[in-house]
Structure formats: structure tokens, C-alpha cells
Amino acid sequence: MPMYERGNVRIHYEEAGSGFPLLVIPGGGLNSTIAGLAASHPFDPMVEFADGYRVIAADLRNASGGQSSGPLEIDRPWDSYTDDHLGLMDHLGIREFMVLGFCIGGPFIWNLLKRAGDRVVAGVLTQPSGYRPTMPDLFYQNNIKGWGPGLCERRPDITMAMVSDFLNNMYTKRADFVFTVTRDFVRQCRTPILVLPDDVAAHPYAVAMETAHLAPNAQVSMYPWKANPEQVSLAVRHIGTFLKANRPASQAQQPVRAAAQ
Amino acid sequence: MPMYERGNVRIHYEEAGSGFPLLVIPGGGLNSTIEGLKTHPFNPLVEFSNEYRVIAADLRNAKGGQSTGPLEADRPWDAFTDDHLGLMDHLGIDKFIVLGFCIGGPFIWNLLKRAGNRVVAAVPVQPSGYRHEMPNLSYTNNMKGWGPELCERRPDIKMAQVDTFLTNMYGGERADFVYTVSRDFVRNCQTPILILPDDVPGHPYVVAMESAYLAPNAQVSLYPWKMNPRQTQIALRHVRGFLSANRPAAAARPLAAAAQ
């Protein structure tokens, strides 16, 4: 089981395939794990893109059911996870990469673009999370129930009061848009972005489309794109084209058509 | 005014830019002209000429265009496809990508059927198709909007010939799906396809989506994609990425670099 360690942080990751690096951030909120990709996601990038890319995914620090652990950094919740993403890339000797994230991966991608925009060649935001004004405490409630208790049980050093502070800093005090960056940041972001919108409670369509309309180099998939397997196939082909068109020229191998055969 | 001539066929075409060839088929039904591109949701001669050799032509016998030729009543679709392929030959082009609006959709499928080894990738934009609840739509539109003016310009053509031509083009067994090919053909077509659907009477959404679901290497744009300029820009970025990813490697350069 590959592990990246930095101080008291231990991150379990897996790799598949070879080629230009593609960091995959699973969905599942704060319980984002590699296992979730195959179990519950519309498609598994470790399978779909391993024939053309070095696909890397990790369990999120302190996710239930995962093997990653580390301190609860109450004062910098989003950045502590982004430290892990960037640290893992450093650990693997990767300078530039593309990133594809589900759900919570959306806000994480924006934070990566803010912190290391020169390293992120392109980003794919799949059913991205965002703030819904009609459900202002959705993420706090989801995680205080679905993540905090399990974490406190595993980790006697963490209390529910700490969890509450962490979640308030992560979501309540950042209750707008994509949580991690401003609209102005998105408006100025030249990085190619592909958004695959969703519209469940935690993944507001309006926010996904707002980012796509603001970002000057954004694309959007068909919608809906996961009501049946045929739709998912169409959307995955769009992602394949997007990745291929944006990976650095030195990494270009063969046309998508040849690769598909 | 560049002209390609083959026997008694004269095809007016225009080119813009350089790079891998991109054949553009304007919309407008049988009145498809280069000039018409200016009224389309986007003009490929403008949008893609920074990276591609973009080529567009007036359709043979289109109103307002400069292309002329016989009315081949026994082979309406193939007569136009002859012109598309003949123009590529004339320009010394073997392989190309094709992007077509409206009637360009059925033309693209016919090109794939007739010269699949030459068409590297295809983009049907707001493609035409058969709508069961309006079975005579294409016939009627062209009997009114194309035939009379053609007969006026061309004394050798009578409305009875136009009627036969349109019946062969849109009626009978062709009154289904995308007119030019079968569902089985689409099901077996490995060529990368990007479809930008529409849903006006002549451009049924269900047919566009059916072809996307059947074609094993298809993708679909966001929808709707032309209600405002921002949507169109998002769709155009998808088209650019699709073209870039599918053109032969020798013609490739990174999309991000091209955009800057």
C-alpha cells in the first residue's frame, strides 16, 4: 500500500497507467477515498484514463474508510488538504499535472489553481460541490453527522468541538460560491477547465455553470450526463478529448481515435 | 473568386487560414452558401482560421451562391457529396476534418459513408434530421424556398424535376433518421464525432442525440449552446479541443499555447 509521509501526515495513494500525470480527487465529501471511485462514482478515472495517463488518486486525510491520517488543522482546513495534494505530487517527482475531481474535488481544484496555478495544466470538475443559499448549513450538517463521529471514535485526540470548529472554518465562514476562491479569481483564471455539472443538493448546477461562464477558458459537458451509461460514455469521451488537447505537446502520443481502437 | 470546375459543375469556394484542412458545410438547406455563414451561430472561417486551412463552398445551385451544375434527380445527396470530395481532390487534400451546419449533418454522414478513410473527424452542428410528426417539412421548405427561384434562373430546370429531386432526397426510404445513412452505419462508424444539437423543426434534438448514442466514438456539446454568446463561446472551446485532439499528430500543437 503506497504511502506518502510528511511529518505526522500519512497519505495513502494508488497509481494506474503511465503518461502525463493526472491527479484524481475522489468525491464523497470529507470521506473521499480511492475505494469510492469504483464503488459509487459515475466512472472510475483509474480505469478510464490509465491507458494514456499516469493516474494518481489518494484517500483524503482523515476520511472514514480510508488509510490517510493527519492532524485536524482547524485554522486552515482547505489548505491542509491542498498541502497533501501538492505534497504528494512533489513526493512523486511531478512538477506539472492535470487534475480531475469529483464533488469536493471541485473546491479543491480551485484551491490548487490558487496555490499552484503554474503546476496545474488543466482541470476537470466533475459534479462539483458548491454553496447553495437555500441550504446554507448543508455541508456542516452532513459532515458533523457523517464524518465527525467516526473520526472522533478512531482518533481520541480529536473532539467533536474541534470538528465543529474545523467545519465552521471550512464551510460556514466561507459560505459562498465554490468555498475556496472568489469569482474574481475564476474570472482571471486562464487554465483550461472542463465542468461536468450536477444538481443534487450539494452540487448546485447554478454554481457549476457560473464558474463555467466566468472562467475564460472553460468548457461544459452535456447535461444531464449520468442518467444512463450511454450518457456517461459520451461525457467520458469529452473528458478524453479535453485531456488530450491540453496535455503538453511532448506528451502527445497518438490521436484519440487511434488510442480508442 | 476561386472556382472548382468539373464538367458542367462549377463550385465557388473560399479558403481562410492554414494548417490541417477543415471543410465547412454551411447551413441553410439547399440554399447553403458561404455568405450564409455570417448569419450562423459562429463563423468557422473566422473562428478556426488561426490554426486550420478552412474551406467552405456554395452548395451547387443554392440561391444567392455562385455554384452551379445539373440537377441529378436520381442521386441528390451523392451529387452534392461528389462536389465536396471533388473540391478536396482539386485542392490536393486527402484527409480532412469536416464541420457542417444543418444540412451539413446529413452531408457529413454521406461523406463518412463514401470516403470514411479521408474524414478524420466530424462536427455536425445543429444537424438536420427527419421528424416523424412533420414528414414533409424538408420537401415543402425546398419546394417553396429553393425550387421556384432555381427554375427562374435556370430555364433547363422545371418544377417537375425539382419535385422528383426533392422526393428522392427526402421521401420514400430516406424519410427517416439522418436521410443519408442507416442506424447500422452510424453504429459501426468509428470516426470521432462531436454533435452540437438543436431543436427547431428541421433540426430534431432526438435525432441528433440518437446518432450520438449510436456512434461509438461520439460526443455531445452542452445544450442549449446558442441562447447567448457566452454559451456559444463555451461550445466553441469544446469544438476547438475536439479538432485539436483529433487532427493528425504532425499538425498538432497544444491548445493552451494556441489560445495564448
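What is the spin-label model distance, in nm, from A:Asn169 to A:Val232 if the labels are put 7 Å beyond Cα along the C-beta direction?
Distance between label points: 3.7 nm.
What percent does the relative contact order of the stretch B:154-251 come to when contacts are Cα pairs within less than 8 Å and at least six residues apart? The partial results should precede the final answer.
On the way: 78 pairs, mean separation 21.0, N = 98.
Computed value for the stretch B:154-251: 21 percent relative contact order.
Treating only the Cβ atoms of Lys and Arg (+1) and Asp and Glu (-1) as charged, compute the dipole magnitude of the stretch A:27-75 about its Cα centre; round to the nearest 20 debye.
Numbers: 2 positive and 6 negative charges, 14 e Å.
Charge dipole of the stretch A:27-75: 60 debye, to the nearest 20.
Any idea what the alpha-carbon Rg over 2.2 N^0.38 Å comes to for the stretch A:1-113? Each step should come with its number before you reach the end.
Numbers: Rg = 12.8 Å, N = 113, 2.2 N^0.38 = 13.3 Å.
Cα Rg divided by the expected 2.2 N^0.38 Å: 0.96.
Of the options A:Tyr140, A:Ala58, A:Ser221, report the single residue whose Cα projects farthest towards the positive end of the charge dipole of chain A (beta-carbon charges: Lys, Arg +1; Asp, Glu -1).
A:Ser221
Using Cβ contacts closer than 10 Å as the measure, can you line up B:Arg230, A:Arg115 from fewest to most? Intermediate results must be reported in sequence, preceding the final value.
Numbers: B:Arg230 13, A:Arg115 17.
In increasing order of surrounding Cβ atoms, one gets B:Arg230, A:Arg115.
What number, in percent, do you get for the relative contact order of chain B if the mean sequence gap of Cα pairs under 8 Å and at least 6 apart is divided by its residue count?
Values: 500 pairs, mean separation 45.0, N = 260.
Relative contact order of chain B: 17 percent.
Send over the semi-axes of the stretch A:132-261's equivalent ellipsoid, whole angstrom and largest first, taken as the square roots of 5 times the C-alpha gyration tensor eigenvalues. List each step's numbers first, then the result.
Values: eigenvalues 240, 71, 54 Å².
The answer is 35, 19, 16 Å, longest axis first.
Starting at 0 and stepping by 10 Å, how many percent of the alpha carbon pairs of chain B end up in each bin?
Taking every Cα pair in chain B, the percentages come to 7, 32, 38, 19, 3, 0.
Using the C-alpha atoms of the stretch B:1-64, what convex hull volume per residue, in cubic angstrom, is computed? Write down the numbers at each step before the final one.
Working: hull volume 5.3 nm³, N = 64.
Spread over its residues, the Cα hull of the stretch B:1-64 gives 83 Å³ apiece.
Fewest to most neighbouring Cβ within 10 Å: what's the order for B:Cys102, B:Cys151, B:Cys189? Could you put the intermediate results ahead of the total?
Numbers: B:Cys102 25, B:Cys151 17, B:Cys189 22.
Lowest count first: B:Cys151, B:Cys189, B:Cys102.
Positive end of the dipole of the stretch B:11-76, charges at C-beta (+1 Lys, Arg; -1 Asp, Glu), about the Cα centre: which of B:Gly17, B:Leu37, B:Tyr52 has its Cα farthest in that direction?
Going by the charge dipole, the pick is B:Leu37.
When 1/r is averaged over all different Cα pairs and the result inverted, which Kirkwood radius in Å belongs to the stretch A:120-194? Display every interim value, and only then the final one.
Numbers: mean 1/r = 0.0700 Å⁻¹.
Taking every pair of different Cα atoms in the stretch A:120-194, averaging 1/r and inverting gives 14.3 Å.
Would you kindly state how much longer the chain becomes between A:Asp157 and A:Asp90 on full extension, computed as 0.36 nm times their sequence separation minus their alpha carbon distance, in nm to one decimal?
Details: separation 67, 0.36 × 67 = 24.12 nm, distance 2.87 nm.
Going from the current span to full extension adds 21.3 nm.
Compute the signed sum of charges (Lys and Arg +1, Asp and Glu -1) over the other residues within less than 15 Å, Cβ to Cβ, of A:Trp225. Working shown, then result.
Working: positive: A:Lys226, A:Arg237; negative: A:Glu48, A:Asp198, A:Asp199, A:Glu230.
Local charge sum for A:Trp225: -2.
Label point 7 Å out from B:Asn8 along Cα-to-Cβ: which residues of the stretch B:67-82 have amide N under 11 Å?
B:69-72
B:Asn50 to B:Ile93: extension gain in nm, 0.36 nm per residue of separation minus the Cα-Cα distance?
On the way: separation 43, 0.36 × 43 = 15.48 nm, distance 1.87 nm.
Length gained, B:Asn50 through B:Ile93: 13.6 nm.
Return the tail of the calculated pair distribution for the stretch A:8-71, meaning the percent of Cα-Cα pairs more than 15 Å apart.
On the way: 949 of 2016 pairs.
For the stretch A:8-71, the share of Cα pairs beyond 15 Å comes to 47 percent.
Tally Lys and Arg at +1 and Asp and Glu at -1 over the other residues with C-beta under 13 Å from the C-beta of B:Ala235: what net charge comes out? Intermediate results must be reported in sequence, preceding the final value.
On the way: positive: B:Lys226, B:Arg230, B:Arg237, B:Arg240; negative: B:Glu47, B:Asp198.
Around B:Ala235, the charge tally is +2.
When the Kirkwood radius is taken over all Cα pairs of the stretch A:51-130, what Stokes-Einstein diffusion coefficient follows at 25 °C and 0.890 mPa s, in µm²/s? Mind dumping the intermediate values first?
Values: Rh = 13.3 Å.
Rounded to a whole number, D works out at 185 µm²/s.
Averaged across A:231-241, how many Cβ atoms of other chains sit within 10 Å of each residue's Cβ atom? Can you show the working numbers first?
Values: counts 4, 0, 6, 8, 2, 1, 11, 9, 1, 4, 11.
So the per-residue partner count for this stretch is 5.
Helix B:76-90 versus the longest principal axis of chain B: what angle, 0 to 90°, nearest 10, using Cα atoms?
Long axis of B:76-90 versus the principal axis of chain B: about 50 degrees.
In whole Å, what are the Cα extents of the stretch B:1-146 along the three principal axes, biggest one first?
42, 33, 29
How large is log10 of I(q)/I(0) for the stretch A:100-150 at q = 0.27, 0.33 Å⁻¹ when the intensity is taken from the Debye formula with one equal scatterer per alpha-carbon?
-0.98, -1.12
Cα-based Rg of the protein assembly as shown per 2.2 N^0.38 Å, rounded to two decimals?
Values: Rg = 26.1 Å, N = 521, 2.2 N^0.38 = 23.7 Å.
Output field value: 1.10.
Every number here is computed from the coordinates shown, using simple stated rules; none is lab data. Quantities reported herein were computed from a predicted structural model and do not represent experimental measurements. For neighbour counting, all protein chains shown are included, and Cβ atoms are generated from backbone atoms with ideal geometry for every residue, glycine included.
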